[in-house]
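**Q** Sharing a structure below in structure tokens format, with a few things to ask.
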Amino acid sequence: MRILLLGGTGEARELARLLTGEREHEIVSSLAGRVSEPIRPEGEVRIGGFGGVDGLREWLADHRIQLVVDATHPFAASITANAALATARLGLPMIRLSRPGWTAGPGDRWYRVPDLATAADTAAGAGDRILLTIGRQGVAAFAGHTRPWYLIRAIDPPTGALPPRHEILLARGPFTVAEESDLLARHRIEVVVTKDSGGAATAAKLTAARTAGLPVVVVDRPPVPLGIRVVTSVEEARGVLSARSGEDSGGGPTR
Ligand code: NAP
């Protein structure tokens, strides 16, 4: 079965690694090309946008793809929506692999908010020294807040408008709880802002914030398009694909 694996996450790399060794699957991983030095998955990789829904639909047809696994980040809503539309138009199956979100535990002081604009207002109301760990996109939502000071941590420099009082810290996780606790203390952070990315790789900041008694503003995930099957682990995705490749034979779609 020929599979397009939309990636940019650890789960996508892990699935690519597992499937590349399996005879019944041909995998092409796709990366957006946003970060300057992406970690490349094993096997065949293409890099760059497809050009919207129509571009993706053409690419799927040209490459005779039979199934799409969308293993992009839980907040990569545009590519997920595009993939849902393109696969629907071609009558192809699509699976969304999305790790479970985080849940607050005892001692956590979380504010769950629906979007970045609300996160910006909530954080500014909760403290004056704010750690932004939302990636490099979306920082502009905080630009209108002139009073707080922001430590903006991202892999690559943020894009768009920035709040006037800030420092940029370029770093790629995962970070340990000790490193995160040290960061919070060193910069006298009063509030942490994060997306509900889920997973262990970036969860140390939540533990560090809990230990320090700090509030965390957690931005909720965008919804998955209706009708798309969601799996929450690499193992589950692999199981679904194995079952499908048993059923599936023949060529890809026609446009
Ligand atoms: P997005 O807003 O959903 O996508 C914007 C556009 O980028 C899409 O319309 C598509 O361009 C292109 N694109 C996105 N993912 C792609 C992929 N895997 N392969 C080819 N093109 C892709 O996505 P985003 O939030 O900018 O994220 C971009 C990438 O970074 C994703 O692969 C995601 O897994 C990864 N990532 C995102 C976050 C986050 O917080 N959003 C965090 C970690 C990693 P066209 O319309 O031209 O096809």
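The values are calculated or read from the model by the stated rules, or taken from the named source; none is laboratory data. Because the structure is predicted, anything quoted here is derived from the model rather than measured. No Cβ is skipped: glycine too gets one built from the backbone with ideal geometry, and neighbour counts run over all protein chains shown. Heavy atoms of the whole protein, side chains included, go into the accessibility calculation; ligands, DNA and RNA do not. Shrake-Rupley method; radii C 1.70, N 1.55, O 1.52, S 1.80 Å.
**Q** How large is the charge dipole for region 109-219, taken about the Cα centre, if only the Cβ atoms of Lys, Arg (+1) and Asp, Glu (-1) carry charge, to the nearest 20 debye?
**A** Computed charge dipole of region 109-219: roughly 80 debye.
**Q** What is the projected area of the convex hull of the Cα atoms of the chain, averaged over all directions, in nm²?
**A** Average of the hull's projected areas for the chain equals 13.8 nm².
**Q** Something else about it: Can you give me the convex hull volume of the Cα atoms of region 83-144, divided per residue and expressed in Å³?
**A** Cα-based convex hull of region 83-144, divided per residue, equals 139 Å³.
**Q** Follow-up question, since we're still on this one. For q values of 0.21 Å⁻¹, compute log₁₀ I(q)/I(0) with the Debye formula on a Cα-only model of region 109-219, without solvent.
**A** Debye curve over Cα of region 109-219, log10 I(q)/I(0) at q = 0.21 Å⁻¹: -1.16.
**Q** Given the convex hull of the Cα atoms of region 156-255, what is a quarter of its surface area in nm²?
**A** Result: 10.9 nm².
**Q** Output the 0 to 90 degree angle, nearest 10, between the alpha-carbon long axis of helix 77-90 and the longest principal axis computed from the alpha carbons of the chain.
**A** The helix 77-90 is inclined about 10 degrees to the chain.
**Q** Just reorder 23, 186 by solvent-accessible area, largest first, 1.4 Å probe, all chains present.
**A** 23, 186
**Q** Mind pulling the angle between the C-alpha long axis of helix 10-20 and the longest principal axis of the chain? Nearest 10 degrees, somewhere in 0 to 90.
**A** 20 degrees
**Q** Further question: Assigning unit charges at the beta carbon (Lys, Arg +1; Asp, Glu -1) and nothing else, what dipole magnitude in debye, to the nearest 20, does the chain show about its Cα centre?
**A** The dipole magnitude comes to about 340 debye.
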